[in-house]
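Asks: One structure is given below, represented as structure tokens, and several questions about it will come after.
The values are calculated or read from the model by the stated rules, or taken from the named source; none is laboratory data. Computed from a predicted structure; not experimentally measured. Cβ sites come from the backbone with ideal geometry, for glycine too, and all protein chains shown count toward neighbours. Please note that ligands, DNA and RNA were not included when accessible areas were found on the heavy atoms of the full protein model with its side chains. Shrake-Rupley method; radii C 1.70, N 1.55, O 1.52, S 1.80 Å.
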Amino acid sequence: MAKITEKYEAIIVFSLKKDEEQIKALTAKFADLIKENGTLGEIDEWGKRKLAYEINYESEGYYVLYNFESKPDFPAELERVINITDGVLRSIVVLAQGK
């Protein structure tokens, strides 16, 4: 029998060219999107961190980890929205293992 929902983790790195309020708005935007399409677990804001390599001439980014549960088709839509959002440097959405 197929699983109806799965647990996922998404890490999004926001550009520090955005001010603090804009980063908070982006964080809330993705939290709301996840809530509309699944069950949002914990949001862990790692804050400002140095990147392993420069991305678009930026050496630091603001990291946010989202834990959520959704149907298997939603992570692709989440990645699509992340990729077209201004202010996102990098992101990854993965199936959470052992949780």
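Asks: Find the percent of Cα-Cα distances in region 21-95 that exceed 20 Å, and round it to a whole number. Don't skip to the answer; put the middle values down first.
Replies: Values: 844 of 2775 pairs.
Looking at region 21-95, the distances longer than 20 Å represent 30 percent of pairs.
Asks: Place a label point 7 angstrom from the Cα of Asp44 along the Cα-to-Cβ direction, then list the residues of region 73-95 whose backbone nitrogen is under 16 Å away.
Replies: Residues passing the 16 Å test: 92-95.
Asks: Determine the order of Thr39, Thr5 by accessible area, beginning with the largest, at a probe radius of 1.4 Å. Working shown, then result.
Replies: Numbers: Thr39 95, Thr5 55 Å².
My answer, sorted largest first, is Thr39, Thr5.
Asks: Now for a separate question. Go through Ile92, Ile12, Ile84 and list them by solvent-accessible area, largest first, probe radius 1.4 Å. It would help to have the intermediate numbers written out before the result.
Replies: On the way: Ile92 90, Ile12 0, Ile84 120 Å².
Descending accessible area places them as Ile84, Ile92, Ile12.
Asks: When only C-alpha pairs under 8 Å and at least 6 residues apart count, what is the relative contact order of the chain, in percent?
Replies: Details: 156 pairs, mean separation 45.2, N = 99.
For the chain, the relative contact order is 46 percent.
Asks: Find out how many positive minus negative residues lie around Glu54, taking Lys and Arg as positive, Asp and Glu as negative, among other residues whose Cβ is under 14 Å from that of Glu54. Don't skip to the end; give the middle numbers.
Replies: Numbers: positive: Lys17, Arg49, Lys50, Arg90; negative: Glu58, Glu60.
So the environment of Glu54 carries a net charge of +2.
Asks: Here is a follow-up. On a 22 Å Cα-Cα criterion, which of the cross-link pairs Lys18/Lys50; Lys35/Lys71; Lys17/Lys71 come out too long? Walk me through the numbers before you get to the answer.
Replies: Numbers: Lys18/Lys50 16 Å; Lys35/Lys71 12 Å; Lys17/Lys71 33 Å.
From the list (Lys18/Lys50; Lys35/Lys71; Lys17/Lys71), the Cα-Cα distance tops 22 Å for Lys17/Lys71.
Asks: What does the charge count near Leu78 come to, summing +1 for each Lys or Arg and -1 for each Asp or Glu among other residues with Cβ under 15 Å from its Cβ? Please list the in-between numbers first.
Replies: Working: positive: Lys7, Lys29, Lys35, Lys71, Arg80, Arg90; negative: Glu6, Glu9, Asp32, Glu36, Glu69, Asp73, Glu77, Glu79.
Counting the neighbours of Leu78, the net charge comes to -2.
Asks: Pairwise over distinct Cα atoms, reciprocal of the mean inverse distance: report the Kirkwood radius of region 1-58 in Å, one decimal place.
Replies: Details: mean 1/r = 0.0730 Å⁻¹.
Computed over Cα pairs of region 1-58, the Kirkwood hydrodynamic radius comes out at 13.7 Å.
Asks: Distance in nm between label sites at Glu60 and Thr5, each 7 Å beyond Cα in the beta-carbon direction?
Replies: So the label points at Glu60 and Thr5 sit 3.7 nm apart.
Asks: Still on this structure, please answer the following. Could you state the angle between the C-alpha long axis of helix 74-83 and the longest principal axis of the C-alpha atoms of the chain, as a value from 0 to 90 degrees rounded to the nearest 10?
Replies: Approximately 10 degrees, to the nearest ten.
Asks: Still on this model: Report, to the nearest 10°, how far helix 20-37 tilts away from the longest principal axis of the Cα atoms in the chain, using its own Cα long axis and a range of 0 to 90°.
Replies: Roughly 10 degrees, rounded to the nearest 10.
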